[in-house]
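What follows is a short report on a single structure.
The values are calculated or read from the model by the stated rules, or taken from the named source; none is laboratory data. Since this is a predicted model, take the numbers as computed values, not measurements. We place every Cβ from the backbone using ideal geometry, glycine too, and count neighbours over all the protein chains shown.
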Amino acid sequence: MFDSLREDIQCIRDRDPAARGGFEILTTYPGIHALGLHRISHGLWRRNLKWLAKVIAAFSRWLTGIEIHPNVIIGQRFFIDHGMGVVIGETAEIGDDCTLYQGVTLGGTSWSKGKRHPTLGNGVVVGAGAKVLGPITVGEDARVGSNAVVVKDVPPGTTVIGIPGHVIQGRASEEQHRAIVEKIKFDSYGLPKDVPDPVTNAINRMLDHIHAMDEKVDAIGNAVTNLGGNIEDVDLPDLEHCEVEPDYPERN
């Protein structure tokens, strides 16, 4: 128990630059309080003392603002930063070295009594306000952006943002992943304005395609006119000012 507590304190010192010392962490961090109380309630739950386990879980929620069902399986070095509003449902499973920020929900999408909550692999980071829903798996070292709503499996080593959640980067080496995260400025509290937007990207590409088709049609029309043909002029909507600010590299 004390070894786990030392690990908990050390992982907070490693991940939170605001942490100043072990005593401060032990006495003022709600995440470590919720985790300690969960270990007690989980042990009672496994011994079939379920009412008492739920009482301790309810006390933990009152004390910390963090709700963790006593049945939840949690690995080592789990860190809940800030913590207020975190909800972790009954059949959720959390691997080692995971980090959750405030307002995160690991929730269910069904009233069935089987597996209905997410499984987080080792090293997963879930940003503030994100919702991970259903019996899905978030692969190890994946990141879920702030306020994302994730309802499908997340491949290992990827970053997911948006509603519904979509992958913005595939699996990479550790060095590549760090460089990618730095480039897109992954932020556990919000999304920067320059994160690639797949909708904007799709609109831009459709507009490019339409412009290219217009040029081809004009060329065909000129060829027909030069051969003596006659093409009736048709007024078409102007697309000149419909360009959305691009978020993909310019093409030559």
If only one of H38, H33 is buried (at least 20 other Cβ atoms within 10 Å of the Cβ) and part of a helix (DSSP H, G or I), which one is it?
H38
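Answer yes or no: is there a residue in region 43-61 that is in a loop (DSSP other than H, G, I, E, B) and surrounded by 19 or more Cβ atoms within 10 Å (Cβ to Cβ).
Going through region 43-61, the residues in a loop (DSSP other than H, G, I, E, B) turn out to be 47-49.
Right, trim to surrounded by 19 or more Cβ atoms within 10 Å (Cβ to Cβ) and you get none.
No.
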Residue selected from region 202-238 under the condition modelled with pLDDT under 80 and touching a Leu at 6+ places or on another chain (Cβ under 8 Å), by the criterion surrounded by the most Cβ atoms within 10 Å (Cβ to Cβ)
L207
Across region 62-91, the tally of residues that are in contact (Cβ under 8 Å) with a residue 24 or more places away in the chain and among the acidic types (D, E) stands at 2
Please find, within region 111-157, the residue that is farthest from I88 (Cα to Cα) out of those that are among the polar types (S, T, N, Q) and touching a strand residue (DSSP E or B) at 6+ places or on another chain (Cβ under 6 Å).
T137
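Of the residues F23, F2, only one is at pLDDT below 85 and surrounded by fewer than 18 Cβ atoms within 10 Å (Cβ to Cβ); which? Steps first, please.
Working: F23 fails: at pLDDT below 85.
Being at pLDDT below 85 and surrounded by fewer than 18 Cβ atoms within 10 Å (Cβ to Cβ) holds for just one of F23, F2, which is F2.
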